[in-house]
There are 2 protein chains.
Amino acid sequence: MECKQFREFAKDMVDYIGDYLENIRDRRVLPTVEPGYLRPLLPEEAPENPDKWQDVMADIEKVIMPGVTHWHSPRFHAYFPTANSYPAIVADMLSSGIACIGFSWIASPACTELEVVMMDWLGKMLELPKEFLASTNGKGGGIIQGTASEATLVALLGAKAKAVLRAKQEHPEWNDVTIISKLVGYASNQAHSSVERAGLLGGVKLRLLPADEKLRLRGDTLQKAIQEDRHNGLIPFYAVATLGTTNACSFDSLDELGPVCNEESVWLHVDAAYAGSAFICPEFRYLMTGIEHADSFNFNPHKWMLVNFDCSAMWLKDPTYVVNAFNVDPLYLKHDQQGVLPDYRHWQIPLGRRFRALKLWFVLRLYGVRNLQAFIRKHVALAHEFEDLVRQDNRFEIFSEVVLGLVCFRLKGSNERNEILLKRINGHGVIHLVPSKIGDTYFLRLAICSRFTESQDIQLSWNEIRTLADDVLAEDQPGK
Amino acid sequence: MECKQFREFAKDMVDYIGDYLENIRDRRVLPTVEPGYLRPLLPEEAPENPDKWQDVMADIEKVIMPGVTHWHSPRFHAYFPTANSYPAIVADMLSSGIACIGFSWIASPACTELEVVMMDWLGKMLELPKEFLASTNGKGGGIIQGTASEATLVALLGAKAKAVLRAKQEHPEWNDVTIISKLVGYASNQAHSSVERAGLLGGVKLRLLPADEKLRLRGDTLQKAIQEDRHNGLIPFYAVATLGTTNACSFDSLDELGPVCNEESVWLHVDAAYAGSAFICPEFRYLMTGIEHADSFNFNPHKWMLVNFDCSAMWLKDPTYVVNAFNVDPLYLKHDQQGVLPDYRHWQIPLGRRFRALKLWFVLRLYGVRNLQAFIRKHVALAHEFEDLVRQDNRFEIFSEVVLGLVCFRLKGSNERNEILLKRINGHGVIHLVPSKIGDTYFLRLAICSRFTESQDIQLSWNEIRTLADDVLAEDQPGK
């Protein structure tokens, strides 16, 4: 493809994207295709000779769109939001154009340096403790990871390396295997599945501790578990506090967990994947009280801060242990300026990395802090608007406190009727929700996801739920 | 940012990217900035109110470009290539516009299904054994990973899960810790640093075995190591064969390693990160003789097949063990169509994933197999052209056989004079190389990287090296 064609094709794509997003309400949020729909629409093999770009363009509506779940429709309320904004899209275009691989400073100094500074900008927006910032000349600093799962795993591996080192000093007679078999980490039973998975991947025990009735992991619960485990000869080394769980957007008691972890020399990682974006608003920062006790902190601007996936922001007070855990340094990756700025390959699981700081830069500059705060506040207000609608209908109940942009609710009564309602909602395809279950209680989750969402969309979503609930409840009458 | 501004901004960016790439020869391949150059160019904090997009656009040349290493310059010969093409850039724009997260089928059926079919297209282009393809109704199939590092780790974790299961059946009295402490994996001492790192991350022993004089890991070397380890009570479980090492693009003897691994029930992973793209040309497929013995195979279209990062293609004959190793399945991620098509979240380290199959689709269609083959062949020819230039200058020697697009060479004589030459070359900044070292011999690597590279560029690079060598050798005269 020649440059001239690229300019035509890419500009046509710009218009296609603009049209797609501005008219996304017109599309059914959930596709109707059955598994396997796509293969028959394509040839069995790649073409020998090039197709025309116009044909590829035309196939988007024919082949791709029938199978797309429209995450940016105001009627998409599943999971948590994933970000999408015009400044981020343009920044990723530039990243693709430059297409450098930023595994070391020399591999593209701008790629590393913009990331260091953007992570400082972002850290300041959240009022993170200074120890997390690179500009304070301590050890700390931030990095863009691909996902929160990776951040949780990286923190766990750093904590593991630190714990092994310390145990070896205290018990020179123990080998690595012995020590690792004694390590135990902790999280709430409300933590994201990726925390349990990090334990599996890292090959260490990870205990899921019971949350209290407000779905918070409390300090005394952790303290008790640590004591128990020490008593049994284990080595507590890592704890994850979740701020804004996926199940119900509940918040662990960080202000209680922090002192326990510090006292017990347990690495404290804070996973605020969804909720962290809200901390750019001062009125929500009470939710991260205790953050000064954390060793690492992570949230996803690619969820709720308008930076397209992937951009998971992670800060470390002392990256040394992570760097040492991963450091395998062949000659072809060495360079003369090592040590002045980070070589981010030592801070992450993959070696390669795109120029992702560009989209953070573009979004922060082209929205400005004020508009990003306004965006968060609007979503929280819309969630409360939906909450009010639910509360006004006495057939329904709110399952857990609405703190940010997620409403957990259910029909009063059996789980079964809620399961039927959920199936009806997604089967009808006008809106999309996913359920969750805590203890024995099944409930529905409605997340405010799209940057296009307005009050009228919330009214529509509620009407859809209410109307389908009429049917479910009518069928559920005894004697019917 | 309103849609109208997005269209202007994005189209301006299209032209910027086109101009940047078409005129990339005019830029110094290596930047002259010192570490820390960027911070003073930016404000200390994010702006409160939005900037204009025109100002952001203007800052690209002021802030970013002075610190960019231009990976797509024909004068960039470091590392290995990273891909960049117009079709891939446009496809990634569409991926950003749709911005779905494809962790399960239902989360966007098109995202999963296009990936399944594209991995079949690609597998057929390489003539991979049918067991790797999804269309053959076996268990096999492909997935797009972020990087080869992740593929190596995923394969290791699958192999580990399989080995633990089997050991438990044979020795019900052993627990996981005991078994894992006995596991041992293998790779050549020429394998990429990410293989050693996968062992560290996965918490298992990984032995680096000596390659032969042609830098190949041989079957009898592996066989001997396995016997030794079994004799010592260990459990050999995983081996990585590298096709196209980073050091010198050498090839392990897959046809010897394969039968050993199969016989010994050792999971064989083939890492062809760089060289794999060449296998779309029938004349290079002899380099993967023995591939039918592999359990998993990986190469990076984002290196040498014109698909922008990240697109690392991995195939598994039986993904069951990987899926089971990672499977942590909360209610909010379950859906009704599980099992028909893969839920790719179980095949990878992160949970989230972008719609990356689009760029594979666009590249395969808009180049066609024929032009992709021509691209590979041209790079190999250019490497041989450079090789010939080196061979004609009797001050130089070729270090190892030139098979694909990498030439390893050095000044005859001491390592020191080669180290000086390398420093001169990169200091001068007209071209960019990185060195490597095998045994005691330090040498220079010249990789053909850019899709813009022509014969005249190779001549220029050689002239630069030759001229700087004149200086180095003149200074190196005894008595001077």
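The values are calculated or read from the model by the stated rules, or taken from the named source; none is laboratory data. Because the structure is a prediction, the values reported are computed rather than measured. Here Cβ is always computed from backbone atoms with ideal geometry, including for glycine, and neighbour counts include all displayed protein chains.
Candidates in region A:374-393 are the residues that are part of a helix (DSSP H, G or I) and over 15 Å from A:Ser450 (Cα atoms); of these, the one that is farthest from the chain's Cα centre (by Cα) is A:Gln392. Note on region A:175-198: among residues that are among the polar types (S, T, N, Q) and not in a loop (DSSP other than H, G, I, E, B), the one that is surrounded by the fewest Cβ atoms within 10 Å (Cβ to Cβ) is A:Thr178. Of all residues in region A:222-259, those satisfying the criterion of being within 26 Å of the chain's Cα centre (by Cα), among the β-branched types (Val, Ile, Thr) and outside any strand (DSSP E or B) are A:Thr245, A:Thr246. For residues that are of a type outside the set (D, E, K, R) and more than 9 Å from chain A (Cβ to nearest Cβ), scanning just region B:26-37, find the one that is surrounded by the fewest Cβ atoms within 10 Å (Cβ to Cβ). This residue is B:Thr32. From the list A:Asn49, A:Asn23, the one residue that fits, being without any contact (Cβ under 8 Å) to a residue 12 or more places away in the chain, out of contact with any Ser or Thr (no Cβ under 9 Å at 6 or more places or on another chain), more than 19 Å from B:Ala357 (Cα to Cα) and more than 7 Å from every other protein chain (Cβ to nearest Cβ), is A:Asn23. Residue-level analysis places B:Gly142 among those that are more than 12 Å from chain A (Cβ to nearest Cβ), at pLDDT 95 or above, outside any loop (DSSP other than H, G, I, E, B) and in contact with a Gly (Cβ under 8 Å, 6 or more places away or on another chain).
Within region A:152-181, residues that are away from chain B (no Cβ under 13 Å) reach partners that are not hydrophobic (A, V, I, L, M, F, W, C) with beta carbons closer than 7 Å, at six or more positions or on different chains, in the pairs A:Ala155/A:His269; A:Ala155/A:Ser296; A:Ala159/A:Tyr238; A:Lys162/A:Tyr321.
Residue selection: A:Pro40 satisfies the criterion of being without any contact (Cβ under 8 Å) to a residue 12 or more places away in the chain, part of a helix (DSSP H, G or I), more than 7 Å from chain B (Cβ to nearest Cβ) and not acidic (Asp, Glu).
Touching a Phe, Trp or Tyr at 6+ places or on another chain (Cβ under 8 Å) and crowded, with 24+ Cβ neighbours inside 10 Å - does that describe any residue in region B:250-257? Within region B:250-257 (the criterion being touching a Phe, Trp or Tyr at 6+ places or on another chain (Cβ under 8 Å) and crowded, with 24+ Cβ neighbours inside 10 Å), the answer is no, since none of the residues qualifies.
Scanning region A:199-220 for residues that are away from chain B (no Cβ under 14 Å) and either surrounded by fewer than 21 Cβ atoms within 10 Å (Cβ to Cβ) or hydrophobic (A, V, I, L, M, F, W, C) (or both) gives A:Arg207, A:Leu209, A:Pro210, A:Ala211, A:Asp212, A:Glu213, A:Lys214, A:Leu215, A:Leu217, A:Arg218, A:Gly219, A:Asp220. Cβ-Cβ under 6 Å, sequence separation 6+ or interchain: first residue in region A:256-271 and of a type in the set (S, T, N, Q), partner not in a strand (DSSP E or B). Which pairs? Pairs found: A:Asn262/A:His293. Exactly one residue among A:Leu287, A:Leu306, A:Leu316 is touching a residue at least 60 places away in the same chain (Cβ under 8 Å), at positive phi and aliphatic (A, V, I, L, M), and that residue is A:Leu306. The set of residues in region A:322-332 being out of contact with any Leu (no Cβ under 8 Å at 6 or more places or on another chain) and either buried (at least 18 other Cβ atoms within 10 Å of the Cβ) or in a helix (DSSP H, G or I) (or both) consists of A:Val323, A:Asn324, A:Leu331, A:Tyr332.
Within region A:70-84, how many residues turn out to be at the interface with another protein chain (Cβ under 7 Å from one of its Cβ atoms) and among the hydroxyl-bearing types (Ser, Thr, Tyr)? Final tally of qualifying residues: 2. Of all residues in region B:274-311, those being farther than 30 Å from B:Arg230 by Cβ and part of a loop (DSSP other than H, G, I, E, B) number 10. Could you list, in sequence order, all residues of region A:402-435 that are over 26 Å from the mean Cα position of the chain (by Cα) and among the polar types (S, T, N, Q)? Result: A:Ser414, A:Asn415, A:Asn418.
Here A:Gly352 passes the criteria (1) in the same structural domain as A:Val322 (by the TED database); (2) touching a strand residue (DSSP E or B) at 6+ places or on another chain (Cβ under 7 Å) except the one numbered (2).
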